[in-house]
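A.B. asks: Sharing a structure with you now.
The values are calculated or read from the model by the stated rules, or taken from the named source; none is laboratory data. For clarity, every value in this text was computed on a predicted model and none was experimentally measured. Cβ sites come from the backbone with ideal geometry, for glycine too, and all protein chains shown count toward neighbours. Surface areas here come from the heavy atoms of the whole protein model, side chains and all, with no ligands, DNA or RNA. Shrake-Rupley method; radii C 1.70, N 1.55, O 1.52, S 1.80 Å.
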Amino acid sequence: MAGWYEEATGLLLRPPALADMAVDVLLCAVPIWAAVMIGLFIGWAWRPRWTGLLFLGFRSRLRLLYVPPGLGARRLWLACTALSAFSFAPQLLSSAFRRHGKRQHKDPSHDETGACRNAAACADGRSIFEGKHDSITEKDLDHLVQLLDDKESGHTAWQHLMERTTSNMTYKAWRHEPEVGPIMHCSQTIFEDATPELVRDFFWDDDFRLKWDPMLVCFKTLDEFPQNGTTIIHWIKKFPFFCSDREYIFGRRIWESGKAYYCVTKGVPYPSLPKKEKPRRVELYFSSWRIRPVLSPKQDGQQPMACEVTLVHYEDMGIPKDVAKVGVRHGMWGAVKKLQSGFRAYQLLRKSENVLSRSAIMARVTTRTCIAGSDVPLDQGPSSAENSSNEDGNSRAVQHGFHWKWVVVGGAVAAVCVLNTGIVGKALLLGAARRHAKK
């Protein structure tokens, strides 16, 4: 399940998704420009007769292409244009300064393959790794359990994003925006006719991931600790040409509680593999899930057993939140379908071959623990707390429209710019006063 978020964002940055995003941006701009046009229409309706002299101020027809009629309207045009760029300018400036501060004079000829070779060269120096086998600890497990409990109990507000069903899979997704930190995503996937052990091996098997995940360029196991199953992995993820590729160095470990598996994956430091300008390293990364057997939601008697995977994911890829939200919304289902087809291919492969990759072998090294509520009775459906959480999530469906507070701010800025000085502003005030006096 790791990489689902990047897959969804990567699908956004492809041409068809870019067109959809452009339509969304235009739709978001409609309310503010509609307010501008209504204001211009009302102001023109209240104009005094002598305002027709304003048209004599135009020197050439070319000015009609970029400046609307009237001196005050020109200020209104500039104010709304500045307001449209208000939300993007700080992010662009901060990104530019950050890149300038971190820029280092290195040879830019190294590509993704070179990065993977460097990772392979560092794999021999395993004693240099500071965290060793304690890079993923019980605190990370507690963090995952706490996030799952908060989601299922309804203590945190999660917005419902999607619910899809196929013949052998059920998928639900939610989103949570904390006040501080990146956006969190949670998904619940139920695979029909699947066992938790097979699903666990599938998510851990990086060798097979190369066959179904088009964004994964290469991977390397930097360290592994057979005493508790902890591994340190290096990934290079491919992004479109106008967005630099991403580099991930993360540790992962599995806990076993009853028939459930808690798989924790998070970014960890690795001093022997220093950061480079390209690919860009993602340091804040947490992608963990719970795998457990459940009763099939179809309950048709043919496929009574199923496997439930609940994922909690957040990361800081250096992409603006608004762009990331649009990307997840448009690319989520495509990424899930690739995940589903990859898992079914892995299921067929395991039936015909018994040879396991090194990653899948390490997935079987787990740490036993006891977590309350890990197992769900197979003769019951989802818990009442989870149902209530789903209902609350559905009632808090995501609002994809424009924030109307910007219309109010834009109107205030435009009013100040127009009515403060300028002939059109004075004409509007004078016309309104005359009409009010007639009444």
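A.B. asks: When the residues of the stretch 240-271 are narrowed to those that are in a strand (DSSP E or B) and polar (S, T, N, Q), which ends up farthest from Ser187 (Cα to Cα)?
C.D. replies: Ranking the candidates gives Ser257 first.
A.B. asks: How many residues are touching a helix residue (DSSP H, G or I) at 6+ places or on another chain (Cβ under 6 Å), open to solvent by less than 20 Å² (accessible area, probe 1.4 Å) and either part of a helix (DSSP H, G or I) or polar (S, T, N, Q) (or both) when one looks only at the stretch 188-227?
C.D. replies: Counting residues in the stretch 188-227 that are touching a helix residue (DSSP H, G or I) at 6+ places or on another chain (Cβ under 6 Å), open to solvent by less than 20 Å² (accessible area, probe 1.4 Å) and either part of a helix (DSSP H, G or I) or polar (S, T, N, Q) (or both) gives 5.
A.B. asks: Looking at the stretch 147-165, which of the residues that are under 22 Å from Pro297 (Cα atoms) and out of contact with any helix residue (DSSP H, G or I) (no Cβ under 8 Å at 6 or more places or on another chain) is least open to solvent (accessible area, probe 1.4 Å)?
C.D. replies: Among those that are under 22 Å from Pro297 (Cα atoms) and out of contact with any helix residue (DSSP H, G or I) (no Cβ under 8 Å at 6 or more places or on another chain), it is Leu148.
A.B. asks: Farther than 27 Å from Arg344 by Cα, surrounded by 20 or more Cβ atoms within 10 Å (Cβ to Cβ), modelled with pLDDT of 95 or more and under 22 Å from the mean Cα position of the chain (by Cα): does that describe Ile233?
C.D. replies: Answer is no for this residue.
A.B. asks: Mind listing just one residue for me: the one in the stretch 240-271 that is surrounded by fewer than 19 Cβ atoms within 10 Å (Cβ to Cβ) and over 29 Å from Cys307 (Cα atoms) and, of those, farthest from the chain's Cα centre (by Cα)?
C.D. replies: By that ranking, first place goes to Pro271.
A.B. asks: Follow-up. Go over the candidates Pro274, Pro297, Pro293 one by one and state the one that is in a loop (DSSP other than H, G, I, E, B), over 22 Å from His185 (Cβ atoms) and either touching a strand residue (DSSP E or B) at 6+ places or on another chain (Cβ under 9 Å) or at pLDDT below 95 (or both).
C.D. replies: Pro274
A.B. asks: Follow-up question, since we're still on this one. Could you tell me whether Val365 is in contact (Cβ under 8 Å) with a residue 24 or more places away in the chain, open to solvent by 10 Å² or more (accessible area, probe 1.4 Å) and in a strand (DSSP E or B)?
C.D. replies: Considered against the rule, which asks whether it is in contact (Cβ under 8 Å) with a residue 24 or more places away in the chain, open to solvent by 10 Å² or more (accessible area, probe 1.4 Å) and in a strand (DSSP E or B), Val365 comes out as no.
A.B. asks: Let me ask something additional. Can you name the residue in the stretch 347-359 that is over 23 Å from Ile232 (Cα atoms) and in a helix (DSSP H, G or I) and is also most open to solvent (accessible area, probe 1.4 Å) among such residues?
C.D. replies: Checking each candidate, the answer is Lys351.
A.B. asks: Tell me yes or no: at least one residue of the stretch 253-265 is modelled with pLDDT of 95 or more and out of contact with any Lys or Arg (no Cβ under 8 Å at 6 or more places or on another chain).
C.D. replies: Yes - at least one qualifying residue is present in the stretch 253-265.
A.B. asks: If you don't mind, there's one more thing I want to ask. Among the residues that make up the stretch 166-187, is at least one of them modelled with pLDDT of 90 or more, in contact with a Gly (Cβ under 9 Å, 6 or more places away or on another chain) and open to solvent by 30 Å² or more (accessible area, probe 1.4 Å)?
C.D. replies: Scanning the stretch 166-187 turns up at least one residue that is modelled with pLDDT of 90 or more, in contact with a Gly (Cβ under 9 Å, 6 or more places away or on another chain) and open to solvent by 30 Å² or more (accessible area, probe 1.4 Å).
A.B. asks: Please find, within the stretch 175-229, the residue that is farthest from Pro293 (Cα to Cα) out of those that are of a type in the set (S, T, N, Q) and touching a strand residue (DSSP E or B) at 6+ places or on another chain (Cβ under 7 Å).
C.D. replies: Thr221
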